[in-house]
Amino acid sequence: MPEGRVIKAYSGHYYVSYGDTVVDCKLRGRFRKEDKDVLVGDMVSFTCTDPGCMYGVIEDVLPRKTRLLRPLVANIDQAVVIIACSEPEPDLELLDKILVQVEASSLEVLICLNKIDLVSRYAADKLAKPYRLAGYKVIKTSARAGWGIKRLRRELSEKISVFAGPSGVGKSALLNALEPGLRLQTGEVSAKTGRGRHTTRHAELLKIQPGGYVVDTPGFSKLELDGIDTTSLGYLFPEFGVPTQNCRFSTCLHHKEPECGVKEAVSAGEIAKHRHDNYLKLLLEITERERRRGK
Ligand SMILES: Nc1nc2c(ncn2[C@@H]2O[C@H](COP(=O)(O)OP(=O)(O)O)[C@@H](O)[C@H]2O)c(=O)[nH]1
Ligand SMILES: [Mg+2]
Ligand SMILES: [Zn+2]
């Protein structure tokens, strides 16, 4: 039986990518009885209902690796967190908050520094350095000049990725540079909805040659730090891991405690100061939330 990936679901139609074509499928009736759901991103087996196989029926869902809630898509492997070197100025507080969410969701992470055509090489590397030190893979791109697109394509290959990052950093422009056929609208945000004009409310997988997919709805748009408590926050900053072993207290929150290995590493220049500052801001946010909920 043929197997393919659901790339779009819309009012009872499931569009299944199969080789170079897309098959318009319905669900076998028993799915409703068994309360089984089929999500964008799922691998399914299906039967064709016409000789040309334009239409089909989904017979079964293959085991799901992961299931992300926002966007609601199955089998996402990786988050590509995109920031611009300039225009808009990099918002490192937001970047660090997105990274914490991504770490908590245990996806692979790639940081993409876009618009490197607008700054010096020195400035781009200065931005990248703390994140490379923290162990993140960082790539530099310019959607406009076409730099770094090959590398980005390699990083997307054979994976399902979600693009995350504030509006205006070049998410759509990068997708267009990867797949000119997509012709996504760039640079225009509707004043009424705050969304790009072509932003669909239904998640869709866009195929990137030679064999990756990108989810077209921006992920991690609502950053509520769900399910992260004060004691787990530090573990979501990878570069805190080794220095934490030097903290005197096993419950150290790397804040006001004496003999804190993390604070010592900041003083020694081994951890970027802004990363620790942003950690403290998130710690405060979570503390306040826990207090409001009466924990
Ligand atoms: N100079 C420069 N401008 C870019 C680059 N990538 C995108 N832009 C511009 O930045 C603006 C926002 O890009 P867009 O792709 O719509 O951002 P999105 O909101 O993240 O999807 C547009 O005017 C793009 O032309 C780049 O690498 N360099
Ligand atoms: Mg866009
Ligand atoms: Zn500490």
Which percentage, to the nearest 5, of the DSSP beta bridges contained in the chain is antiparallel? 55
Average Cα contact separation per residue, the chain, under 8 Å, 6 or more apart, as relative contact order %: 14
Once Rh for the range 1-120 is found with the Kirkwood sum over Cα pairs, what is the Stokes-Einstein diffusion coefficient at 37 °C and 0.692 mPa s, in µm²/s? 196
To two decimal places, what compactness ratio does the range 3-63 give when its Cα radius of gyration is scaled by 2.2 N^0.38 Å? 1.00
Unpartnered Cys in the chain, judged by a 4.7 Å Cβ-Cβ cut-off, are Cys25, Cys85, Cys112, Cys260
Where does each of 262-273, 164-175, 23-34, 233-244 land if you order them by average Cβ count within 10 Å, highest first? 164-175, 233-244, 262-273, 23-34
As straight-line cross-link partners of Lys256, the qualifying lysines (C-alpha separation under 16 Å, not fewer than 8 residues apart within one chain) are Lys273, Lys281
Residues of type lysines that Lys26 reaches as a straight line, Cα spacing below 28 Å, ignoring anything fewer than 8 places off in the same chain: Lys8, Lys36, Lys65, Lys159, Lys207
Based on the Cβ-Cβ distance from Glu257 to Arg291, what FRET efficiency comes out when R0 is 25 Å, to the nearest 0.05? 0.80
May I ask you to order 123-129, 42-48 by the average number of other C-beta atoms within 10 Å around their residues, highest value first? 42-48, 123-129
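Report the convex hull volume per residue for the range 73-215, counting only C-alpha atoms, in Å³.
Convex hull volume per residue, Cα atoms: 113 Å³.
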Rank by packing, highest mean first: peptides 110-120, 251-261, with packing defined as the count of other Cβ atoms within 10 Å averaged across residues. 110-120, 251-261
With the cut-off at 13 Å, report for the range 230-292 the share of all Cα pairs above it, as a whole percent. 59
Divide the volume of the convex hull of the Cα atoms of the chain by its number of residues and quote the answer in cubic angstrom per residue. 164
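Read the figures in this text as sums done on the coordinates, not as results from a lab. Keep in mind that what you see is a predicted model, and the values were worked out from it rather than measured. All Cβ positions, glycine included, derive from the backbone under ideal geometry; neighbour counts span all protein chains shown.
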